[in-house]
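The block underneath contains the structure these notes are about, expressed in structure tokens.
The values are calculated or read from the model by the stated rules, or taken from the named source; none is laboratory data. Everything numeric in this text was worked out from a predicted model, so none of it was measured. All Cβ positions, even for glycine, are placed from backbone atoms using ideal geometry, and neighbour counts span all protein chains on display.
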């Protein structure tokens, strides 16, 4: 069975530009952050991805709800005092 542990990325060449992250308007070199701070950045990225996926799910559910509501209106008996919509 293959090992499923994530491998650490290889070090960037010395002449490569340093990766920066902007937090609350301040730029930080990624390689100067503590392991705890790096872990929190990963957590934020994962949560942001999950929020985006859930927002897509909400949009799908709202579309489905609208379709069901329209179908319901179409299945209701016609009332003579109101015009069909």
Would you check if residue 48 is under 23 Å from the mean Cα position of the chain (by Cα) and either surrounded by 10 or more Cβ atoms within 10 Å (Cβ to Cβ) or assigned to a helix (DSSP H, G or I) (or both)?
yes
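What number of residues within region 15-26 satisfy the criterion of being under 25 Å from the mean Cα position of the chain (by Cα), without any contact (Cβ under 8 Å) to a residue 12 or more places away in the chain and either loosely packed, with under 10 Cβ neighbours inside 10 Å or outside any strand (DSSP E or B) (or both)?
4
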Scope region 29-43; condition over 21 Å from residue 17 (Cβ atoms) and either touching a strand residue (DSSP E or B) at 6+ places or on another chain (Cβ under 7 Å) or at pLDDT below 95 (or both); matching residues
none
